[in-house]
1. How high is the FRET efficiency between residue 130 and residue 58 when r is their beta carbon distance and R₀ equals 35 Å, given to the nearest 0.05?
2. What percent does the relative contact order of the chain come to when contacts are Cα pairs within less than 8 Å and at least six residues apart?
3. If the chain between residue 107 and residue 23 were fully stretched, how many nm would it gain, using 0.36 nm times the residue separation less the Cα-Cα distance?
4. For the chain, what is the charge dipole size about the Cα centre, in debye to the nearest 20, if Lys and Arg each add +1 at the Cβ and Asp and Glu each add -1 at the Cβ?
5. Under the Karplus relation 6.51 cos²θ - 1.76 cosθ + 1.60, θ = phi - 60°, what is the ordered set of whole-Hz ³J(HN,Hα) values for region 121-138, x standing for Gly and Pro?
6. With Cα extents along the principal axes in Å in mind, check (1) 62, 31, 30; (2) 49, 45, 21; (3) 39, 33, 29 and report the label derived from this structure.
7. Report, by chain and number, residues whose modeled amide H sits under 5 Å from the one on residue 113, excluding near sequence neighbours (fewer than 5 apart, same chain).
8. Amide H neighbours of residue 81 under 5 Å, at least 5 residues apart or on other chains, H built in the peptide plane: list them.
Amino acid sequence: MGARRWPRRRPIPWEKLFALARSVRLHAYAPYSKFRVGAAVFTVDGSLFGGCNVENSSYGVSSCAERNALCVAVSALGARRIAAVAIVTQTERPCPPCGICRQMLAEFASAGLPVRSRTLKGRQASYRLEKLLPSAFSAQFL
């Protein structure tokens, strides 16, 4: 994460991000937890990519929506810089990304990455990656 602060080239289209996250959430494969999550990432060049969680009976093999959205952006576009993340869950309170997702996001974003989470009922929370993952492990330690 370090001191990278990429210039934001465009305003963040939060409503489009949430609409995409809400839409892809419907594709979640969550037969065990029933915890369906959708996420969308916004790249610095203005592209949007969505992902949902995909569970596995061997829980460690499961993949979160945030990581899947990021992997789609990398796979489809070769994205290397993320400007924002939106998450949609069915919980009563907005849910931040898990620790593994935070570390993955740190690889592709500045410390100030805005992360917003929204429930299906519209409750919302806003975070900054540096607050969610202080002292992140990065390439500077390698």
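1. On the way: r = 33 Å, r/R0 = 0.94.
It comes out at approximately 0.60.
2. Working: 320 pairs, mean separation 33.3, N = 142.
About 23 percent, as a whole number.
3. Details: separation 84, 0.36 × 84 = 30.24 nm, distance 2.57 nm.
Length gained between residue 107 and residue 23: 27.7 nm.
4. Numbers: 21 positive and 7 negative charges, 91 e Å.
Here the size comes out at about 440 debye.
5. Whole-Hz 3J(HN,Hα) from phi for region 121-138: 8, x, 5, 9, 9, 10, 9, 10, 4, 4, 7, 6, 9, x, 6, 4, 6, 8.
6. Answer by label: (3).
7. Residues meeting the amide H criterion: 129, 130.
8. Excluding prolines and chain starts, which carry no amide H, the hits are 44.
Bear in mind these aren't lab numbers, they're just calculated from the coordinates by the rules spelled out. As the structure is a prediction and not an experimental result, all values here were calculated from the model. All Cβ positions, glycine included, derive from the backbone under ideal geometry; neighbour counts span all protein chains shown.
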